[in-house]
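Take a look at the structure set out below.
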């Protein structure tokens, strides 16, 4: 993490993360993340601590869907917690979450809930429906994900 | 002119959160009428993961609380007679936005969608976004969760 982060409001901090994510710039997104961030991505069963865990989530998404398009529809600020409602769209170009690459396009609505402190994201919890994701990637069974 | 004392509560972050907390209390008590009574007449309803793909169209869990939400809640309670919820966080602001993290859980005793009952239990984290109007009635609810998690816990491995 760089030491040049200017402390902003919770909304500004999260907006900086979302802008960088939308620009597919993982390093810039991670610049506003606390090194000890708590990371929960429910559909991927990720429950971890540390910035590397979040970096991996973002990098995996971008590797699986290099043309990823993030469209934020709402940002809701409730004190130090900011919730962003967004749609992730992209064309699969590599295996993702166990699903082999079938070059299918997907669009998934997601909710990202960020807790912030001192201009950094200290906790992120992510919600999307993996059934919708697998349906769009032509996966037929949860116990045979890699067999499309 | 007769002066009357108004007892009408104004909307604040706290009062909006209280309405939503009451919603989950009613849900836990399986009182669907009281749940829906907390909403305005044409309140919007949107459960993002709910979609059924047919050959020519996709049905989505979207509409109003009265036409989509109420039957869906009643159906859930019928299929999962011990349906319950654990609310972890309720955060709100003075604009009436309320964001809730909650686990919804239950044991399947009846058919739910394409999932046949096998007596299995599920518990799945949900995120709900509510908006409470100035009249302290909820005018929209949106829900996010991982439906695959529920299917797998119930022993249903097909991606429908």
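Throughout, read-outs are computed from the coordinates displayed, never taken from laboratory work. All values derive from a computational prediction rather than experimental measurement. Using ideal geometry, Cβ is built from the backbone for each residue, glycine included, and neighbour counts are taken over all protein chains shown.
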Pick from B:131, B:88, B:30: which is most flexible by mean-square fluctuation in a GNM of chain B where alpha carbon atoms under 10 Å apart are linked?
B:88
If I fit a long axis through the Cα atoms of helix A:51-64 and take the longest principal axis of the Cα atoms of chain A, what angle between them do I get, 0 to 90°, rounded to 10?
40
Folded to 0 to 90 degrees: helix A:10-22 orientation relative to chain A principal axis, Cα
40
What is the protein assembly as shown by shape, rounded, prolate or oblate, if you read a ≥ b ≥ c off the alpha carbon gyration tensor as root eigenvalues and call it rounded for a/c under 1.5, prolate for a/b larger than b/c, and oblate otherwise?
oblate
Give me A:58, B:137, A:36 ranked fewest to most by other Cβ atoms within 10 Å of their Cβ, as a rough exposure proxy.
A:36, B:137, A:58
Inter-centroid distance (Cα atoms) of the stretch B:41-75 relative to the stretch A:93-148, Å:
22
In the protein assembly as shown the DSSP beta bridges are antiparallel at a rate, in percent to nearest 5, of 85
State, as an integer percentage, the relative contact order of chain B based on alpha-carbon contacts under 8 Å between residues 6 or more apart.
25
Taking the number of other C-beta atoms within 10 Å as the exposure measure, put A:42, A:49 in order starting with the fewest.
A:49, A:42
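Restricting to DSSP H runs of at least four residues, report the calculated mean residue ellipticity at 222 nm for chain A, -39500 (n - 2.57) per run over all residues, nearest 500 deg cm²/dmol.
Details: 4 runs with 39 residues, N = 148.
Computed mean residue ellipticity for chain A: -7500 deg cm²/dmol.
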Relative to the first principal axis of the alpha-carbon coordinates of chain B, what is the inclination of helix B:70-79, with its axis defined by its Cα atoms, in degrees from 0 to 90 and to the nearest 10?
50
Just B:109, B:56, B:101 to compare: in a GNM of chain B, with alpha carbon springs under 10 Å, which one fluctuates most?
B:56
Using only atoms on other chains, find how many Cβ atoms lie within 10 Å of each Cβ of peptide A:36-43 and report the average.
2
What residue among B:11, B:34, B:57 has the largest mean-square fluctuation in a Gaussian network model of chain B, using Cα springs under 10 Å?
B:57
With the crude spin-label approximation of a point 7 Å out along Cα→Cβ, what separation in nm comes out for residue A:73 versus residue A:25?
2.7
Mean projected area, convex hull of alpha-carbon positions in chain A, reported to one decimal in nm², is 7.9
